[in-house]
Amino acid sequence: MIGAHPDDCDHKAGGTAILLAKMGYAVKFVSVTNGDAGHQTMKGTELAKRRFAEAQEAGKRFGVTYDVLDNHDGQLMPSLEVRFQIIKKIREWNADIVIAPRPNDYHPDHRYTGVLVQDAAYMVAVPDVVSETPALKKNPAFLYFQDGFQRPNPFRPDISIDITNVFAQKVHALDAHESQMYEWLPWIGHYTEQLPQNKIEREKWLAQKRAVTITPAVRTALEKWYGKDKALQVQHAEAFEICEYGAQPNDEEVKRLFPMLGK
Ligand SMILES: [Zn+2]
C-alpha cells in the first residue's frame, strides 16, 4: 500500500492490512514523503525523525513493515526520479496487489502519489526501466483507496472489506501517530478543544473521530461480497476500486487476493 504521508495507508486500509497480516500475508506500507512539513510547531529533520519512529510503531501494531521514502512533505512532484523509486519498491516487494490514492484529491501530495503509482502500473513489467531491479513477470493488480471526491467521477467500491472485528486494533495502530492524531490534525482541523488529555480517553475519542460512515455504494458492495444478512452486521468497512491499468482481477481472483471474502 502506497500513501503520500506516514499515516495515509493506515487510515485508508489499516483494517484490511491487519486482516491480511493475520492470515499470514506480507503487507508493506510505503509513505512517499517523509512527513517533514505537516505540523504546527515542529519541522524539518526533527519532524521527519519523529514521523519515522511513529510509522515504525504503527507498523508493529498493524503487523506490517513500514517504509518511508525521503522526499519532502508538501513538495511532491510526479517526477521521473520518484516514479523510479516507486517502481523499485513494487518490484522489490514482488507485489500481488498495489493500493494507492486516486489522482483526484484535495492534497497535492496525495494527487501526485496517485499519478506516480499509475505511472508505475505498466512500467514495473518493463525490463529496460530501472534495469538494476529485475522487472516483474506479471503485473500486479492496482487498486485505489476509498475517497469522497465526486469530480471528475466518484469512487467506485469494487471490493469492500468488513473490518468490524479489527477496528479497535486499527485505532490502536493509528494512536501510534501521536504527532498527527493528537497534534497536527486537531490543529489544522480546528478541533483541539475536543481532545481528551488522558491516554485511554484519547484513544476512545480517536475511535469515534476515525470511524468512516459506510456509504450506500459501499453497503451494496458489502452485500455482493458477504451476502445481504452479513452485510447488515458490518459496522466498519474499507473499500477499493480496481484501477484500469494493472492486472484486471475477476471476482474469483479478487477472492484469491482477499481471502477474507471467500469465507
Ligand atoms: Zn496524507
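The values are calculated or read from the model by the stated rules, or taken from the named source; none is laboratory data. Just so we're clear, the structure is a prediction, and the values are computed from it rather than from any experiment. Here the Cβ positions follow ideal geometry from the backbone for every residue, glycine too, while neighbour counts run over all protein chains shown. Just the protein is used for accessible areas: all its heavy atoms, side chains included, with ligands, DNA and RNA removed. Shrake-Rupley method; radii C 1.70, N 1.55, O 1.52, S 1.80 Å.
In table form, for the structure just shown:
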| read-out | value |
| --- | --- |
| The stretch 144-249 - accessible surface per residue (Å², probe 1.4 Å) | 55 Å² |
| Burial ranking of peptide ranges 35-41, 131-137, 64-70 (average Cβ count within 10 Å, highest at the top) | 35-41, 64-70, 131-137 |
| Around CYS243: net Lys/Arg minus Asp/Glu count, Cβ-Cβ under 12 Å | -2 |
| Trypsin sites (Lys or Arg not before Pro) within the stretch 1-92, DSSP loop, no more than 16 other Cβ atoms inside 10 Å | LYS43 |
| Unit charges on C-beta of K, R, D, E only; dipole of the stretch 46-201, Debye | 420 debye |
| Furthest towards positive pole of dipole, LEU232, THR215, GLY148, structure part the stretch 142-263, Cβ charges | LEU232 |
| Derived scalar couplings ³J(HN,Hα) [the stretch 146-155; Karplus, 6.51 cos²θ - 1.76 cosθ + 1.60; whole Hz; x for Gly, Pro] | 6, 8, x, 6, 9, 10, x, 8, x, 4 |
| FRET efficiency, 1/(1 + (r/R0)^6) with R0 30 Å, evaluated for GLU252 and HIS107 via beta carbons | 0.25 |
| Interchain or long-range residues, amide H under 5 Å from VAL68's placed H | SER31 |
| Shape category assigned to the stretch 165-259 from the gyration tensor of Cα positions, a/c cut at 1.5 | prolate |
| Under-5 Å amide H pairs with LEU143, H placed in peptide plane, nonlocal only | VAL98, ILE99, ALA100, CYS243 |
| Tensor-based shape of the stretch 1-119 (alpha-carbon gyration tensor, a/c under 1.5 rounded, otherwise prolate or oblate) | oblate |
| Most fluctuating residue given options ALA26, ALA55, ALA221, as computed from a GNM of the chain linking Cα atoms under 10 Å | ALA26 |
| Charge context of LYS49, other residues only, Cβ under 14 angstrom, K/R +1, D/E -1 | -4 |
| Long-range amide H partners of ASP36 with built H, under 5 Å | ASP73 |
| Cα-projected label distance for GLU92 with ARG219, points at 7 Å along beta-carbon direction, nm | 4.4 nm |
| Largest-first ellipsoid semi-axes for the stretch 170-213, taking √(5λ) over the Cα gyration tensor eigenvalues, angstrom | 14, 12, 11 |
| Carbon + sulfur, % of accessible area of the stretch 89-136 - ligands and nucleic acids excluded, 1.4 Å | 52 percent |
| Calculated from backbone phi, Karplus (6.51, -1.76, 1.60) coupling profile of the stretch 110-116 in Hz, x at Gly/Pro | 5, 4, 6, 4, x, 5, 4 |
| HN-Hα J in Hz across the stretch 29-36 - Karplus 6.51, -1.76, 1.60, θ = phi - 60°, x for Gly and Pro | 9, 10, 9, 6, 10, 8, x, 8 |
| Efficiency of FRET between ALA207 and ASP128 - r from beta-carbon atoms, R0 45 angstrom, step 0.05 | 0.40 |
| nm² value of the averaged projected area, convex hull over the Cα atoms of the chain | 13.9 nm² |
| Value of [θ]222 nm, deg cm²/dmol, for the chain, DSSP H segments ≥ 4, -39500 (n - 2.57) each, nearest 500 | -13000 deg cm²/dmol |
| Burial ranking of peptide ranges 244-255, 92-103 (average Cβ count within 10 Å, highest at the top) | 92-103, 244-255 |
